[in-house]
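Notes follow the structure.
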Amino acid sequence: MISGIRNILILLLFSASFMSIKAQNFIGLNTTEIAGVMKTGYPQFKLDKGAVNHTYKYLKYVDKISEQTLLLFLSEKNICTYVRWMSDYSNLNDIVSMLNKNYKKSSPNTWTFTEKGEDYSVKLEEDEWFFIVSFRRN
């Protein structure tokens, strides 16, 4: 019985994770704004300060429960310019459903949307062990 309740809670958390990603477009936000949005809107994601990459400037947030990672790439002025959302294949159907619901499909594995007069593209790429959803300004 307790295991069933735990599974239901995890399923609800998964659903909240998938639907909340659409709620915020991180592109154009600075690091302080991103930290505030992540803390209040995505409490299941935790900042991973252990990852260091000297080639790219980014913030890495990890949700270990549903095996998702958000990489928010930053400009020299600490403004988000690009987002990569990596996830385990167990989440694929839910995420594709969310993308179909919230964005306009423009071709297989590609969606578009417009926000505040800016056009964006969303692309799903399948890798061997995980898949990636990329958000970028056109």
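The values are calculated or read from the model by the stated rules, or taken from the named source; none is laboratory data. Given the structure is predicted, the values throughout are model-derived calculations rather than measurements. All Cβ positions, even for glycine, are placed from backbone atoms using ideal geometry, and neighbour counts span all protein chains on display.
A few points about this structure:
- Matching residues, segment 108-138, being on the phi > 0 side of the Ramachandran plot and either in a helix (DSSP H, G or I) or touching a strand residue (DSSP E or B) at 6+ places or on another chain (Cβ under 9 Å) (or both): Asn109
- For segment 69-79, a residue qualifies if it is in contact (Cβ under 8 Å) with a residue 24 or more places away in the chain, in a strand (DSSP E or B) and under 15 Å from Gly28 (Cα atoms), and the qualifying residues are Leu72, Leu74, Ile79.
- Sole exception among (1) more than 13 Å from the chain's Cα centre (by Cα); (2) assigned to a loop (DSSP other than H, G, I, E, B) for Ser66, by number: (1)
- Taken together, the residues in segment 49-61 that are at pLDDT below 95 and either within 13 Å of the chain's Cα centre (by Cα) or farther than 21 Å from Gly28 by Cβ (or both) amount to 7.
- Qualifying residue in segment 81-92 (condition: more than 15 Å from Glu125 (Cα to Cα) and assigned to a loop (DSSP other than H, G, I, E, B)): no
- With respect to (1) in a helix (DSSP H, G or I); (2) exposed (fewer than 15 other Cβ atoms within 10 Å of the Cβ); (3) modelled with pLDDT of 95 or more, the lone exception for Lys105 is condition (1).
- Qualifying residue in segment 69-81 (condition: surrounded by fewer than 18 Cβ atoms within 10 Å (Cβ to Cβ), at pLDDT below 95 and under 15 Å from the mean Cα position of the chain (by Cα)): no
Here is a yes/no grid of residues against (1) of a type in the set (A, V, I, L, M); (2) surrounded by 16 or more Cβ atoms within 10 Å (Cβ to Cβ):
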| residue | (1), (2) |
| --- | --- |
| Ile27 | yes, yes |
| Thr32 | no, no |
| Thr40 | no, no |
| Lys60 | no, yes |
| Trp111 | no, yes |
